[in-house]
Structures are given as structure tokens and as C-alpha cells.
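Only the coordinates and a few stated rules stand behind these numbers; no lab work does. Everything quoted here is computed from the prediction, not taken from an experiment. Cβ atoms come from the backbone with ideal geometry, glycine included; neighbour counts cover every protein chain shown.
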Amino acid sequence: MKQSFTISGITIDVTRKNVKNLNLRVYPSDGRVTISCPRMLSYKKILRFTEERIPWIKKHLQRPKPKSSAKLDYVTGEMVSVWGDRLKLTVFEANKPREVLAENAGGIHLRVKPGDDREKRKKLLESWYRAELKREIPQLISEWEPRMEVSVCEFGVKKMKTRWGTCNIRDRRVWINLELAKKHPDCLEFIVVHEMVHLLERLHSKRFYRLMDQFLPDWREREKLLIT
Ligand SMILES: [Zn+2]
């Protein structure tokens, strides 16, 4: 029996047959991922098995490496990272305000003005990433404030070369790296929580990681997801 499901933007074909174990195979050449498993195995178990291996799957699917966004030309047909997915980019010109339209199945559409160059297109996409983050971050902060019994005064989004986030403890201000809009949402939550833990513990001390374990027990997996 054949089934397929999509997780983190990856379509996985499942074949149930007379086997003892669950087998996962990745074919980086054409992006195919297959699972063969025992006939009676529950969907839930298959899903959990797959979820745990998403970073591994992504890593193996990415050979050869995808074009990094730094090298994008912002033209139709390129692949763009959005919330951990790779979306196909469509660029079209119109005498209307510049806009980004994103949907999982249809990819990501950039409406630009006639003659907009690479720099203008890049700026447009970046402002959209920023807006995505600015929508998500306040929700995360207000979710975590009562759980952690801390309060954040202000947050911001900026481009950073070496860090995913920073926290100014005195001003209780959190900065989030713009790149996080390209990663799985679990990564953003991990960074927000990490920065908020600094409001309880300044240093990356044992206590810091104890607090991380307490608030976000799976933070290590999220960290791995961030670098894949
Ligand atoms: Zn830190």
C-alpha cells in the first residue's frame, strides 16, 4: 500500500510491506524521500519517526548545496527559504505597489516595479522577512513571559553576521536575526527563549542551560535544525 505525506515542505512516500523495520531513504538527486515500513505500523509512529529525522533528511537532500540566498539573483525559478521550506520564486513586474505574496503550494511571488534591479528585489524580500518575524515574535514573547516570569520591554529584528539573537539585559531588549525567517519556526522560538533566559541568567552558565532544559527540553534539536 502506498501513501504520501508532507512534512516541513518535504514529501515522503510511504510503502507498507512485509518488512520488520522502518526504512528511510533519501534521494538527493531528485529530492525523493521514501519510507518502507511494516503493514500495521501506525501513522503516528511513522510521523514521529520522520519528524525526529527532519534535520538529517534536510541535510542529505541538500547535496549538492542549494544556492545560498546571498547569491540569489531574485529572478523567477530560484528557490527561496521561508520558515524552513524552500519555495519557488516568481517575479513579475507591475505598476502597482511592491508586494510579496507567499503560499506554500504556489511558492513565493514578488511583485516589483518595472525596472527594479536585484538590490530593490532583495530589499523587498527582506522587508517581507522582517514583517513575518515582527508578526511572530510578539506572540512568542507574550506566550513565554508568564511561563518564565520575565518581561521584555522591546524587541527588534536586524541583520547580524555572527549571532542569531542578542539580549540587552538592562533595557530588557531582544534583537532577533533576520535570517530566522528562513528557518523552521521552532528555531525562532528557540532563539527567543534563549534570549529571554538571559533575563534570568546573564551568562551561558550551568544555570543557564538548566533553565533552557526546564523551559524548552528539546532546545538541542532546535539548535541542530538551525544549522542544517
Ligand atoms: Zn546567549
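General remarks:
- Extension gain, LYS159 to ASP73: 0.36 nm times the residue separation minus the Cα-Cα distance gives 29.0 nm.
- The chain - mean residue ellipticity at 222 nm from DSSP helices (-39,500 (n - 2.57) per run, n ≥ 4, rounded to 500): -11500 deg cm²/dmol
- Percent of beta bridges antiparallel (DSSP, the chain, rounded to nearest 5): 60 percent
- Loop sites here are trypsin sites (Lys or Arg not before Pro) outside DSSP states H, G, I, E and B with no more than 12 other Cβ atoms within 10 Å. The longest part of the chain free of them is 68-158.
- Average projection, convex hull of the Cα set of the chain: 15.1 square nanometres.
- Alpha carbon centroid spacing (whole Å) that separates the range 163-228 from the range 108-160: 17 Å
- Take every Cα pair under 8 Å whose residues are at least 6 apart in sequence, average their separation, divide by the length of the chain, and the relative contact order is 12 percent.
- Gyration tensor (alpha-carbon) shape descriptor, the range 2-61, a/c threshold 1.5: prolate
- All lysines inside 18 Å of LYS44 as judged from Cα atoms, apart from same-chain residues fewer than 8 positions distant: LYS2, LYS17, LYS20
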